[in-house]
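Participant: Take this structure first; my questions come after.
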Amino acid sequence: MIRSVVRGFGTALPKRVLTNAELESMVDTSDEWIVQRTGIRQRYIAGEGETTASLGEAAARDALDKAGLTAADIDLIIVATSTPDNTFPATAVNIQNRLGMHHGFAFDVQAVCSGFVYAVTTADAYIRGGLAKRVLVIGAETFSRILDWTDRTTCVLFGDGAGAIVLEAQEGKGTVADRGVLTTQLRSDGAHREKLYVDGGPSTTGTVGHLRMEGREVFKHAVGMITDVVVSAFDATGFTAEDIDWLVPHQANKRIIDGSAKKLGIPLEKVVVTVDLHGNTSAASIPLALATAARDGRIKEGDIVLLEAMGGGFTWGAVLLRW
Ligand code: UT7
């Protein structure tokens with residue numbers, strides 16, 4: 001049985017750090033409120049010349065280096081983003097070109113904060129279906145460019161950045177002892193679309209628009225939706241909370257992360273948290289956190305790693321893999 005195994009990982013962050021203290025001079029907020037309600041202490045903000053594609057390219061190059069590969073070895077690029085450089089073409093083809101890659105194919109997936117989980121699921125399906133051997137899966141965002149910087153209820157929460165992994169087809173035995181992606185679980189329900197959305201778009205206003213969120217409503221649904229897909233991932237593999245070596249959640253809010261881990265019975269020592277440093281980077285948050293924990297040696301070969309996310313749409317999903 002073909003499995004999609006993580007062969008490399010990489011990250012990229014903008015140069016500029018924006019602290020909570022700086023935000024105090026921009027909107028009516030405080031470091032104390034932001035830290036208590038979200039766990040965020042700082043975030044990175046893209047400057048001139050830094051875009052979703054430039055950050056995605058840098059994360060991809062980092063991941064290729066770690067894998068000991070070049071763009072010539074890749075046959076598919078999937079970019080999860082809700083903040084593309086242009087309405088079209090896809091940011092993925094922009095990154096493909098920046099990498100000097102003129103073979104294979106590239107496309108974007110759009111599932112907001114669940115984007116990386118959707119992209120890994122898509123890459124896994126292409127690999128297991130024999131349509132691709134090595135896939136660059138990138139989560140890249142510049143949410144700072146769609147924030148209303150006068151709205152304190154949203155502008156303090158988000159940041160920019162990118163993370164990438166290389167998934168490679170490897171032969172497995174078809175058991176959960178295999179390395180690679182073991183199960184993926186995706187859900188969406190458009191009935192919630194107005195709880196977290198952007199108030200513009202090519203076909204409605206002809207403008208890019210700004211992010212709007214009913215934070216409390218999103219919060220209310222988050223833990224239940226995350227638990228739903230994680231329990232499905234456990235059912236599909238026979239694993240339980242005790243088998244999980246590392247939970248790498250979408251980094252929206254430390255309270256959602258802690259609440260989900262508690263409900264699932266996963267101890268906080270096994271949870272990778274980067275929301276304090278990066279803020280909510282939407283589709284980039286999981287690969288940024290994953291690469292951080294792999295680079296510092298926490299995630300080791302053979303570990304069982306659980307990824308989960310919930311976000312705009314609503315969309316939600318989980319991926320269980322052996323590193
Ligand atoms: O990435 C996936 C999607 N996004 C999320 O997962 C985000 C989910 N939601 C959340 O993380 C939380 O709901 C927030 C962090 C957005 C808000 O936390 P909360 O505990 O739900 O606060 P709240 O919205 O109930 O607001 C509490 C108070 C309000 O004042 P009143 O009405 O009680 O007087 C807000 O106006 O806090 C006020 N407030 C602020 N105060 C200082 C809202 N934003 C700020 C702020 N600084 N930045």
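The values are calculated or read from the model by the stated rules, or taken from the named source; none is laboratory data. Please read all numbers here as calculations on a predicted model, not as lab measurements. Using ideal geometry, Cβ is built from the backbone for each residue, glycine included, and neighbour counts are taken over all protein chains shown. The protein model used for the area step is the full one, side chains on, heavy atoms only, and it has no ligands, DNA or RNA in it. Shrake-Rupley method; radii C 1.70, N 1.55, O 1.52, S 1.80 Å.
Participant: Suppose a student asked you for the relative contact order of region 2-171, using Cα pairs under 8 Å spaced at least 6 residues apart; what percent would you report?
Facilitator: Dividing the mean separation by the residue count of region 2-171 yields 36 percent.
Participant: Roughly how many nanometres apart are two label points built 7 Å out from the Cα toward the Cβ at Leu131 and Glu242?
Facilitator: 4.0 nm
Participant: For the ranges 159-165, 292-298, what's the packing order if you count other beta-carbon atoms within 10 Å of each residue, average per peptide, and put the highest first?
Facilitator: On the way: 159-165: 32.1, 292-298: 15.6.
Ranking, from highest mean packing down: 159-165, 292-298.
Participant: Shifting gears a bit: What percentage of the solvent-accessible surface of region 141-253, computed with a 1.4 Å probe over protein heavy atoms, is contributed by carbon and sulfur atoms?
Facilitator: Roughly 50 percent of what the probe reaches on region 141-253 is carbon or sulfur.
Participant: Let me ask something additional. Report the Rg/Rh value for region 180-322, based on alpha-carbon coordinates and the Kirkwood definition of Rh.
Facilitator: For region 180-322, the value is 1.00.
Participant: Give me the extension gain from Glu48 to Arg98: residue separation times 0.36 nm, minus the current Cα-Cα distance, reported in nm with one decimal.
Facilitator: Between Glu48 and Arg98, full extension yields an extra 16.2 nm.
Participant: Set the Förster distance to 51 Å, then compute FRET efficiency between Arg298 and Asp28 from the Cβ-Cβ distance, nearest 0.05.
Facilitator: Approximately 0.85, to the nearest 0.05.
Participant: Applying a 10 Å radius around every beta-carbon, put 121-132, 221-232, 193-204 in order of their mean neighbour count, most first.
Facilitator: Sorting 121-132, 221-232, 193-204 by mean packing, highest first, produces 221-232, 121-132, 193-204.
Participant: Write down the Å³ per residue value for the convex hull defined by the alpha carbon atoms of the chain.
Facilitator: Taking only Cα atoms, the chain has a hull volume of 123 Å³ per residue.
Participant: How many angstrom separate the Cα center of region 122-168 from the Cα center of region 1-46?
Facilitator: 14 Å
Participant: Express as a percent, rounded to the nearest 5, the fraction of DSSP beta bridges in region 202-323 (both residues included) that run antiparallel.
Facilitator: 60 percent
Participant: Could you tell me the center-to-center distance, by alpha carbons, between region 58-98 and region 268-323 in angstrom?
Facilitator: Between the Cα centre of region 58-98 and that of region 268-323, the gap is 19 Å.
Participant: Something else now. Set the Förster distance to 25 Å, then compute FRET efficiency between Lys220 and Thr87 from the Cβ-Cβ distance, nearest 0.05.
Facilitator: The calculated FRET efficiency here is 0.20.
Participant: Give me the percent relative contact order of the chain, please, defined on Cα pairs under 8 angstrom at least 6 residues apart.
Facilitator: About 26 percent, as a whole number.
Participant: Which one, Gly104, Ser203, Ser4, is farthest towards the positive end of the dipole of the chain when Lys and Arg carry +1 and Asp and Glu -1 on their Cβ?
Facilitator: Ser4
Participant: Heavy-atom accessible area per residue, region 2-171, 1.4 Å probe: how many Å²?
Facilitator: Result: 40 Å² per residue.
Participant: Could you give the accessible area per residue of region 180-322, probe 1.4 Å, as a whole number in Å²?
Facilitator: Heavy-atom accessible area per residue stands at 40 Å².
Participant: Next question. Once R0 is set to 35 Å, what does the formula 1/(1 + (r/R0)^6) return for the Cβ-Cβ distance between Gln36 and Thr205, expressed as a FRET efficiency to the nearest 0.05?
Facilitator: Once rounded, the FRET efficiency stands at 0.50.
Participant: Which is farthest toward the positive dipole end of the chain among Gly238, Thr87, Ala291, measuring Cα position about the Cα centre, with Cβ charges +1 (Lys, Arg) and -1 (Asp, Glu)?
Facilitator: Looking along the dipole axis, the top candidate is Gly238.
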